[in-house]
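Step one of this worksheet: look at the structure below.
Every read-out reported here was derived from the displayed coordinates using simple, explicitly stated rules and does not represent laboratory data. These numbers come from a predicted model, not from an experiment. Positions of Cβ are generated from backbone atoms using ideal geometry, with glycine treated the same way; all protein chains shown enter the neighbour counts.
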C-alpha cells in the first residue's frame, strides 16, 4: 500500500514541478553552484579542524624543542601560527588595494578579529568546558549512583573558577596588555593628524615587548611538565625528530591558511544565498570565519583537558590582532572609522572589560566565559540600525 502511494506521489510531483518551478538550465546551474558552495564550506571546516588537531600536537613539541614556557606555547607559538595568515591577508589588502575601499578591507579585518576572539572564541571555550564538565558529572553519577561530592564534586561543578588566584592573575595580565592598546587603536580611528601613520611602528614595538615578555617568562609558574602525546607524523617515536616537528607544524599551517581563505570565500558566496547582504556577511560572518583556527585550537585543547593552553592561545592571538594588523593599517591606510567599525570597537572593549573584571575577582567560570558570546549578539543587533 505504501509503495502505491509513493508512486502516485512521485507522479504528482513530476506533473506539478514544471508548473511550480521551471527547471531551466539556468536554474539547474544556479542550484548546482549553491550546493557546491555549501559542500565546500563543510569540507573546509572539517579540514581546518583536522589540521588544527595536527597543529596543536606539533606546536607543543615545538615549544619543548625551543624550551619556551608552557603558556608561551599558547600565547606565542600557537597564536602566531594561526594569526599569521590573517596578518598576511591584511598586509596584502592595505598594500596592494587599488582603491581606498579595497584597502579598508584590511582595516575591517584588524577590527573584526579581536571582536570575534573576545566574544565568540571565549564563548565557545566556555560552552565546551560546560559540556565537558556535565559529561564528567554524568559519568560519576552513572558509576556511583550519587552526584560528586567533596573536592572532586567541586572540581566538576559548573561554577568552579578556571584556576586559582595565580591562574586568574596570569589570564588578567594578558587582557591588561590588550585593553589599553586596543583603546588607543580605536581612538586613532576617530582623529586625523599628519604623523598618525608613523604611530603604526609603535604597535609593532608593543607586540615585540609582549613577545619578549612571554618568551622569557612564559612559564610564569606553570603546572608541572606533563607527557606529550606522540607526534602524529612519528607516532611510534618516544621523542620525534626535530625535522618532523617542524615539517608537521609548517604543513598544517599551510593547510589551515588555504582552507581558511577558501572557507571565507565560500561564506561570502553563501551569505547572499541566505538573504544576507554583503555588508552583513563581511561584518558578522567573515570575522568568525577568519578566527576559526583559534576557535578550533581552543576546542581541541579543552577536549584534551588543557584549558590554560586554550585560553592562552586566544589571548595571544588577540595581542597579535591588536598590534600587527593595526600597525599595517595605520601605515598604509587613512585608518578612519565609520559607525560599524566604531561599534565593533566598543563591543570588544565591553567584552574585555567584563572578562577582566571576572578574572580580577577570581570568578571566571565556564558559565561566565560562555556569556562573552552574548556580546557578539549585542553587536549584531546594534549593527542593524547602523547598516539600515
Work out how far the C-alpha atoms of segment 165-207 reach from end to end along every principal axis, then list the three figures in whole Å, largest first. 45, 20, 7
Quote to one decimal, in nm, the extra length available between residue 66 and residue 132 on full extension: 0.36 nm per residue of separation minus the C-alpha distance between them. 20.6 nm
Calculate the spin-label point distance for residue 235 paired with residue 265, positioning each point 7 Å from the Cα along the beta-carbon direction, and give it in nanometres. 3.3 nm
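What is the gain in length, in nm to one decimal, between residue 205 and residue 362 on full extension, counting 0.36 nm per residue of separation less the C-alpha to C-alpha distance?
Details: separation 157, 0.36 × 157 = 56.52 nm, distance 3.08 nm.
Net length gain for the segment: 53.4 nm.
Order of 66-76, 128-138, 185-195 by packing, highest average Cβ count within 10 Å first?
Per-residue Cβ counts within 10 Å, averaged per peptide and sorted highest first, yield 66-76, 128-138, 185-195.
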Need one word for segment 246-383: rounded, prolate or oblate. Basis is the Cα gyration tensor (sqrt eigenvalues a ≥ b ≥ c); a/c below 1.5 gives rounded, then a/b vs b/c decides. rounded
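Using the number of other C-beta atoms within 10 angstrom as an exposure proxy, rank 235, 368 with the fewest first. Before the final figure, lay out the partial values.
Details: 235 9, 368 20.
Final ranking by Cβ density, sparse to dense: 235, 368.
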In nm, spacing of pseudo-spin labels at residue 381 and residue 350 (7 Å Cα→C-beta vector): 0.9 nm
Contour minus Cα-Cα distance for residue 42 and residue 88 (0.36 nm per residue): 14.1 nm
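Given a Förster distance of 30 angstrom, what is the FRET efficiency for residue 228 paired with residue 164, based on the Cβ-Cβ distance and rounded to 0.05?
Values: r = 24 Å, r/R0 = 0.80.
My answer for the efficiency is 0.80.
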Order of 316-328, 374-386 by packing, highest average Cβ count within 10 Å first? 316-328, 374-386
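Rounded if a/c is under 1.5, else prolate if a/b beats b/c, else oblate: with a ≥ b ≥ c from the C-alpha gyration tensor eigenvalues square-rooted, which is segment 100-139?
Values: a/c = 9.53, a/b = 6.17, b/c = 1.54.
Cα axes put segment 100-139 in the prolate bin.
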Using r as the Cβ-Cβ distance of residue 213 and residue 32, and R0 as 41 Å, what FRET efficiency do you calculate, to the nearest 0.05? 0.20
